[in-house]
Amino acid sequence: MLWKGRRQSDNVEDDRSDSGGGGLGGSPGQFRIPIGGRAGGGGSIFLVILVVLAGWYFGFDPSTILGGGDGGLLPGGGGQITDNSGGGQDSGAGTPANDEMKQFVATVLAETEDTWTGIFKSQGLTYEDPKLVLFSGQVRSACGFASAAAGPFYCPGDHKVYLDMTFFQQLDQQFGASGEFARAYVIAHEVGHHVQNLTGIMSKFNQMRQSMGEVEANQMSVRIELQADCFAGVWAHYTAQKGILEQGDIESALNAAKQIGDDTLQKKTQGYVVPESFNHGTSQQRQTWLARGYKSGKLSDCNTLSGPI
């Protein structure tokens, strides 16, 4: 990915020096990249997945966001990946490599801002940039406390993406998902949740989930997490149009999607799979929807609610 020299976002908050405090774990309101044996967190819904039901059930007109974007530019429990980066609040902080990684994160965030601003503008809407918080070890968010062991996550309560950059080392060394665009995919997936949150649909899903059983909620969560993958693909589509992707970039992102599939993670951490517990999608599903968004660049092709996935 040819990212150096491009605009960096001003919406990165570096809290690595004062991360921590309180308990660990996470809130059901967090939407994360899974790194345990069972996908945890929740999900999010965007208008496009409610093409038929949106106006009737939620009381809004889905046509305001279903224009296709043409005018514009992770599971807890059941096992855990070990952090071998050294730990501590100052893990990697202040080193040249770390500073460059922060610049990379800020550049990718800027690219998502440009893409989604363009898509929203093409539909007569205004995109609100999210904040991205860098932390070390553990962090307090509007969704509660979270540990780096839970992976990157988005909190709808404060419109922020939270990232401990040691996850990128895990992605490479433990998951076998190397490459800058694999890391960019992680950020784009979480920003996808922010895009969905801006529509107000995320809160509607959370209300619906309260009346669902665990299996039913997991099944719905799979569908909405796959949509976030598809939205990451839409972002990649427009990023490729700028000519900043290099050979092998998309392949590295697809490999990352494969490595963090529910089935792959469960096999790695507990030796067997429990399909009823899946709530982010299998490796094949995640790859399929990421590729679909990338190929078309249309939000209308990210309808994961109806039909087979």
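The values are calculated or read from the model by the stated rules, or taken from the named source; none is laboratory data. Owing to the predicted nature of the structure, the values given are computational and were not obtained by experimental measurement. Ideal geometry is used to build each Cβ from the backbone, glycine not excepted, and the neighbour counts take in all protein chains shown.
Which members of region 197-215 meet the condition of being among the hydroxyl-bearing types (Ser, Thr, Tyr) and closer than 17 Å to His159 by Cβ?
Those that are among the hydroxyl-bearing types (Ser, Thr, Tyr) and closer than 17 Å to His159 by Cβ: Thr199, Ser203.
Please identify the pairs in which a residue from region 237-253 that is closer than 14 Å to Val108 by Cα and aromatic (Phe, Trp, Tyr) has its Cβ atom under 7 Å from the Cβ atom of a residue that is in a loop (DSSP other than H, G, I, E, B) and at pLDDT 95 or above, counting only partners at least 6 apart or on another chain.
Close Cβ pairs satisfying both conditions: Tyr238/Gly297.
For Ala217, all conditions in the list (1) surrounded by fewer than 23 Cβ atoms within 10 Å (Cβ to Cβ); (2) closer than 24 Å to Glu111 by Cα hold save one; what is the number of the exception?
Tallying (1) surrounded by fewer than 23 Cβ atoms within 10 Å (Cβ to Cβ); (2) closer than 24 Å to Glu111 by Cα, Ala217 fails exactly one: (2).
Taking the criterion of being crowded, with 22+ Cβ neighbours inside 10 Å and closer than 29 Å to Arg7 by Cβ, would at least one residue in region 199-209 satisfy it?
Scanning region 199-209 turns up at least one residue that is crowded, with 22+ Cβ neighbours inside 10 Å and closer than 29 Å to Arg7 by Cβ.
Filter the strands (runs of 3 or more DSSP E) completely within region 118-234 down to those with at least 1 residues that are polar (S, T, N, Q).
Qualifying strands (runs of 3 or more DSSP E): 138-141, 144-147.
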